[in-house]
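The values are calculated or read from the model by the stated rules, or taken from the named source; none is laboratory data. Here the structure is a predicted model, which means the values were calculated and not measured. Ideal geometry is used to build each Cβ from the backbone, glycine not excepted, and the neighbour counts take in all protein chains shown. We work out accessible area using only protein heavy atoms, side chains counted, and drop any ligands, DNA or RNA first. Shrake-Rupley method; radii C 1.70, N 1.55, O 1.52, S 1.80 Å.
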Amino acid sequence: MNQFNDIPNSTSNFPDKPNSSPNQISLLTAICIVIANMIGTGVFTSLGFQVIDIQSGFSILFLWLIGGIFALSGALCYGELGAAMPRSGGEYHYLSKIYHPLLGFLSGWVSITVGFAAPIAAAAMAFGKYISSVFPTFNYPTIIALIAVILVSLIHSQTLTIGSLFQQGFTVLKVILILVFILSGFILADPQPIQFLPNINDFAVIFSSSFAISLVYVTYSYSGWNAAVYLTSELKEPEKNLPRSLLIGTLIVTILYLLLNFIFLYTTPINQLAGQLEIGYIAAQQIFGNFGAKLMGLLIGLGLISSISSMVLAGPRVTQVIGEDIPLFKILSRKNQHGIPYYAICFQLAIVMVLIITASFEAVITYLGFTLTLCSVITVLGVFVYRWRCPDAPRPYQTWGYPITPIIFLGISLWMLIFIFQDKPLESLAGLGTIALGLPFYFIGVHKKLV
C-alpha cells in the first residue's frame, strides 16, 4: 500500500511524469545549465580571504576538494529523487511528495521570491562592474546589469531551442576561457615558492577554525549543482539524463575549480592575493600583463552571462509548477505560444530588477545560504524517507555509495547550518522568517483550491 495515502493533504495525486510540453532539453544543455549555475563569481573572489589564514597550497586545494565531494554527494542524491519523480520544480516537488505539500510549498516560496532572483541580481551587478572597469566610458554598472537581465529574459521567453542554444554557447565560452587561463598559467607564468605536497603542519590547518570558516564559502561557490532538477519536465529521457547531467556537470566544475585555484597559487604571490576580491584579475596580470588582464576581465564578465542565463532558464520552472498545483498562483503557470512560462519569467525579472536598483540583494545573499542549505538537507534526508515509505517505487537510478553518500552530505550541511546560525544568528533568523512569510500564501491557496 502507498503509505502517502495516510498523510493529510498529501500530494500523492501530483503527477510524476511530465505532461505539459514535449521534452526538448538535451543532456548537453542540462550539463551546461549545471556548470553555468555553479561557476559564478565565487571561485574568482573567495581565495583572497582563504589565504589570509591558510597559506599552504595543499590545505587550500584540499579545502576545494572537500567542497567538490560535498557537491557531488548532493548531486548523486538529487539524481535518485529526480529520476524517481521526473517533474520540474526541484525541492518543491520532492518535498511535497515525500513529506507534505506545505513543506514543498515553503521551499518553492524561497525559490520564487529570492532563491533565484538574488543570485541573478548579484551576477548581473558583477557583470556590470566588469564591463565598466574594462570600458571606463560606460561607467554605468547598474544600467548595464539591467540591460543584461532584460535581454537574457527576452531570449528565454522565445523558443526552448533558442534558449538552449544560447545557454550552450555561453557556457562553452566560459569553459574555454577557464581552460585557456589554466593552460596559460602553466606556460607563461613563473612558478611561486608554495608547497602543494602535504606535510605535518597541514593536518593542524585542516582541523582549525579558519579551515572550517573557509569551507562555508567554498560550498557556496559550489552551489548550483542541483540546477537541472528545476527543468526535469522539459528534459529528454529525464530518468537517465537528469542524474547524468548532475554528476557530469558537478564533476567537471570540481576539476576546473581545483585547477583554477592551483593556477592562482602557482602564478601569484600569496601576499598579493591576501584580502583581495579580484583574484582572477590579479592572477591574469601575473600571467598576461595589464592589457591581457583587462581582456580576461572582459571575458570573465561575458562568462557571467551564462550564469544569469541558466538561472533565468531554471527559476521560472519552479514558479510554473507551483502555479499548476495551487490556483492562487495559476497565472504564473501560463505559457506563451512557444510553451514557455512567460508570466513566471516576467515575475522573476521584476524581482531581479528591484534587487538590482535597490542593491538590496547583498543582504539577501547573506542569509540565503542558510535557507537554501536547510532545504537541501531536508531533500537529501528524503532519500532515506522515500526509500522507507515507498520501497517498491520505481528507481531508474539509485544513489552511488548509499547510505554513505547522503550521510557525507548531511554531515557537512548540518555542521554548516550550526556554524552559520552561531556566527550569523540574525541573518539565519531572517532566513527562517522569509520561509514563514510563505505560510499565509499557502493556506490561502489551499483554501481557494478546496472551495
**Asked** If you take the charge dipole of the chain about its Cα centre, with +1 on Lys and Arg Cβ and -1 on Asp and Glu Cβ, which of Val134, Met353, Ile420 is farthest toward its positive end?
**Response** Met353
**Message:** If you roll a 1.4 angstrom probe over the protein chains with everything in place, what fraction of the accessible area of the chain belongs to carbon and sulfur, to the nearest %?
**Reply:** 69 percent
**Prompt:** How much length is gained on full extension from Leu102 to Phe291, taking 0.36 nm per residue of separation minus their Cα-Cα distance?
**Reply:** 62.6 nm
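Around Thr29, what is the net charge, scoring Lys/Arg as +1 and Asp/Glu as -1 over all other residues with Cβ under 11 Å from its Cβ? Could you put the intermediate results ahead of the total?
On the way: positive: Lys236; negative: Glu234.
Taking every Cβ under 11 Å from that of Thr29, the sum is 0.
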**Prompt:** Within the chain, how many Lys pairs sit with Cα atoms under 27 Å apart, leaving out pairs fewer than 8 places apart on the same chain?
**Reply:** 25
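So how do Val216, Val172 rank on accessible area, 1.4 Å probe, biggest first, that is with the largest at the start? Mind showing how you got there, number by number?
Details: Val216 25, Val172 70 Å².
Putting Val216, Val172 in descending order of accessible area: Val172, Val216.
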**Fill in**
Compactness summary of segment 296-441: radius of gyration and Dmax from Cα atoms, Å, are 18.7, 53
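Given Cβ point charges of +1 (Lys, Arg) and -1 (Asp, Glu) and nothing else, what value in debye, to the nearest 20, does the dipole of segment 53-202 about its Cα centre take? Intermediate values should be presented prior to the final figure.
Working: 4 positive and 5 negative charges, 94 e Å.
So the magnitude is around 460 debye.
Taking only DSSP H segments of four or more residues, each worth -39500 (n - 2.57), what value at 222 nm results for the chain once the sum is divided by all its residues, to the nearest 500 deg cm²/dmol? Let's see the in-between values first.
Numbers: 18 runs with 317 residues, N = 451.
The helix-only estimate for the chain comes to -23500 deg cm²/dmol at 222 nm.
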**Prompt:** To the nearest 10 degrees, how steep is helix 238-267 against the longest Cα principal axis of the chain, on a 0 to 90 scale?
**Reply:** 20 degrees
**Request:** Would you please calculate the Kirkwood hydrodynamic radius of segment 388-451 over all C-alpha pairs and express it in Å, rounded to one decimal?
**Result:** 15.7 Å
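Which whole-number value in Å² is the accessible area per residue of segment 217-370, probe 1.4 Å?
Details: 5500 Å² over 154 residues.
Ligands and nucleic acids excluded, the result is 36 Å² per residue.
Compute, for the chain, the length of the dipole vector about the Cα centre, with Cβ point charges of +1 (Lys, Arg) and -1 (Asp, Glu) only. Units Debye, rounded to 20.
Values: 19 positive and 17 negative charges, 195 e Å.
Magnitude of the dipole: close to 940 debye.
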**Prompt:** When the Kirkwood hydrodynamic radius is evaluated over all pairs of different C-alpha atoms of segment 166-247, what value in angstrom, to one decimal, is obtained?
**Reply:** 17.0 Å
**Prompt:** Is the shape of segment 78-231 best called rounded, prolate or oblate, per the rule: a/c under 1.5 gives rounded, else a/b larger than b/c gives prolate, else oblate, with a ≥ b ≥ c the square roots of the Cα gyration tensor eigenvalues?
**Reply:** oblate
**Prompt:** Sorted by mean Cβ packing within 10 Å, highest first, what order do the peptides 136-145, 71-80 take?
**Reply:** 71-80, 136-145
